[in-house]
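Colleague: Would you mind keeping the following structure in view while I ask a few things?
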Amino acid sequence: MRKFLLFGLLLVSMLSACDKDDNDPAPGERPDERLEKTLGEYKSQLVSAEHGWKATLFPEGGAGYSFLFRFLENDRVVTLSDISAAAATTPLESTYRLKAGQQPSLLFDTYTYLHVLADPDASKSGGEWGQGRSSDYEFSFEEVSPDSIVLTGNYNGSRLVLVRATAEEASNYIPRINEQILAFEGINNFSLYFKQLTIGGQSFDIKVNTTLRTITFTYDDGSGVKSFTTGYYYTLEGVRLLQPLQIGDLTIASFNDLEYQAAQSRVDVTVNGVTGSIREASKPANIDTQLARAFYNNPANGTYWLTEGFVVEGVEDAFQLSTLPDFSLLVYWPKFDDVEGTPYDLMGFVFGNSIRYGPAAVPSFPRDGRIIFQELGMLGEVPAEHAPIIEAFTKQWTDPEGYYVVQTSPSTYDLVSAKDAKTWISFE
């Protein structure tokens, strides 16, 4: 009996040993070992690109930006970018690392040009305070092939696409894209507010925000005036829209062959192989005659609009309101009060936290879509030393030719001088 017991114990021991051997993974097969191996392979691929990687980043906050990365074995990365003229010509060296998480990730762990778009300081990228352009600097690997890598931002979902660069691209990629930027941003030198794109006999009003890289098209599709806004990014060929504009049989997905003609205030382009141009204009090609009343009846906060004053031929604060001691901003208050049943508006000058004075006016709305302010007089007492500035401002505000109204976002508007389109004022 004792022999059988010993034999049984020996058999159980042998079976347990067999089970342990069968379940114990071989070296290199543990999940953490496999992950370390994968991270090593990804790093080798990043470093193996002798001439670096062309990259396009699409932040969650919109638009697109180009980069050139050269990853080094010592966990350093050298970066160029088209986010600014300085970033296009000055390589910035920072650090990177690959780390394990739910997915293998690439982290740019010291400040580089990528971080500018994620910086919560809105002055860095023109984005929103506290979030910048809602971009990322830590990315998960999504697709990997020998010559391309697609990554997704771990926090905001930005998309980063890397493509292996050639020797020529390593030296020319960002500079050539910067040439396209300089050509397209020639529109910022136009002295008139309105810009019109003309292609094959069709004209579109366009408003371009070159800081946020957005473009708004205003056009008449036969059923009325419509607007379409999309982000854009630069390529070696020109400008590509994130979402194409589709009007009937016409699709506008990009502007190519950009050439800025400074003397003519014109940017030449091609669209679908057809030659066209972007020019300045003194009035819109397509006027939504309902916008003036929409602006008047729907202030952003339900009561009034805020503004910082007029821009004249690109010069902000053209009437130098900021030189008035303690001046804060302007409040345009539609229907501020009424005289014998006739409502009037107030353009109030705010000093500190209160309105001190401002011109009162009665608005009118001609059928052509303008808004015109007829001066009634001044509410409040204007100090003598303020008078020259206030008089000049009021004369412009109540110009008898009035203003065309342009909606620049769901809650912001511009009023543009109908006299010559050289003067405008923005409200939010």
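Colleague: So which residues in the range 210-239 are part of a strand (DSSP E or B), surrounded by fewer than 17 Cβ atoms within 10 Å (Cβ to Cβ) and free of Cβ contacts under 8 Å to residues at least 24 places away in the same chain, if there are any at all?
Modeller: The answer is 226, and nothing else.
Colleague: Select from the range 381-409 the residues that are aromatic (Phe, Trp, Tyr), out of contact with any Gly (no Cβ under 7 Å at 6 or more places or on another chain) and within 30 Å of residue 217 (Cβ to Cβ) and list them in ascending order.
Modeller: 397, 403
Colleague: Please report, ordered by residue number, the strands (runs of 3 or more DSSP E) entirely within the range 73-191 with at least 3 residues that are farther than 26 Å from residue 212 by Cβ, open to solvent by 30 Å² or more (accessible area, probe 1.4 Å) and in contact (Cβ under 8 Å) with a residue 12 or more places away in the chain.
Modeller: Answer list for the range 73-191: 92-99.
Colleague: Specify the residue that is farthest from residue 361 (Cα to Cα); the eligible residues are those in the range 403-422 that are crowded, with 20+ Cβ neighbours inside 10 Å and touching a helix residue (DSSP H, G or I) at 6+ places or on another chain (Cβ under 9 Å).
Modeller: 406
Colleague: Identify, by number, the condition in (1) open to solvent by 70 Å² or more (accessible area, probe 1.4 Å); (2) aromatic (Phe, Trp, Tyr); (3) more than 25 Å from residue 409 (Cβ to Cβ) that residue 336 doesn't meet.
Modeller: If we test residue 336 against (1) open to solvent by 70 Å² or more (accessible area, probe 1.4 Å); (2) aromatic (Phe, Trp, Tyr); (3) more than 25 Å from residue 409 (Cβ to Cβ), just (3) comes out false.
Colleague: Out of the range 259-271, which residues are open to solvent by 20 Å² or more (accessible area, probe 1.4 Å) and either assigned to a strand (DSSP E or B) or in contact (Cβ under 8 Å) with a residue 60 or more places away in the chain (or both)?
Modeller: Result: 259, 260, 261, 262, 265, 266, 268, 270.
Colleague: So, one more: Please determine, by comparing only the residues of the range 278-304 that are assigned to a strand (DSSP E or B) and either β-branched (Val, Ile, Thr) or out of contact with any helix residue (DSSP H, G or I) (no Cβ under 9 Å at 6 or more places or on another chain) (or both), which one is nearest to residue 401 (Cα to Cα).
Modeller: Per the criteria, the residue is 281.
Here's the yes/no breakdown for (1) in contact with a strand residue (DSSP E or B) (Cβ under 8 Å, 6 or more places away or on another chain); (2) β-branched (Val, Ile, Thr):
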| position | (1), (2) |
| --- | --- |
| 310 | yes, no |
| 324 | yes, no |
| 327 | yes, no |
| 332 | yes, no |
| 340 | no, no |
| 344 | yes, no |
| 355 | yes, yes |
| 365 | yes, no |
| 373 | yes, no |
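Colleague: Given the structure, is residue 251 in a strand (DSSP E or B), of a type outside the set (Phe, Trp, Tyr) and buried (at least 18 other Cβ atoms within 10 Å of the Cβ)?
Modeller: no
Colleague: For the range 36-64: of the residues being aliphatic (A, V, I, L, M) and outside any loop (DSSP other than H, G, I, E, B), which is surrounded by the fewest Cβ atoms within 10 Å (Cβ to Cβ)?
Modeller: 47
Colleague: Would you check which residues across the range 305-328 are open to solvent by less than 70 Å² (accessible area, probe 1.4 Å) and part of a loop (DSSP other than H, G, I, E, B) and list them?
Modeller: Matches in the range 305-328: 309, 314, 317, 318, 319, 324.
Colleague: Of the residues in the range 192-208, how many are crowded, with 16+ Cβ neighbours inside 10 Å and either at positive phi or within 12 Å of the chain's Cα centre (by Cα) (or both)?
Modeller: Of the residues in that region, 1 qualify.
Colleague: Another question, then. Mind listing just one residue for me: the one in the range 349-373 that is within 15 Å of residue 386 (Cα to Cα), in contact (Cβ under 8 Å) with a residue 24 or more places away in the chain and under 34 Å from the mean Cα position of the chain (by Cα) and, of those, surrounded by the fewest Cβ atoms within 10 Å (Cβ to Cβ)?
Modeller: Only one residue fits best here, namely 351.
The values are calculated or read from the model by the stated rules, or taken from the named source; none is laboratory data. Owing to the predicted nature of the structure, the values given are computational and were not obtained by experimental measurement. Here Cβ is always computed from backbone atoms with ideal geometry, including for glycine, and neighbour counts include all displayed protein chains. Keep in mind that these areas ignore ligands, DNA and RNA; they rest on the heavy atoms of the full protein, side chains included. Shrake-Rupley method; radii C 1.70, N 1.55, O 1.52, S 1.80 Å.
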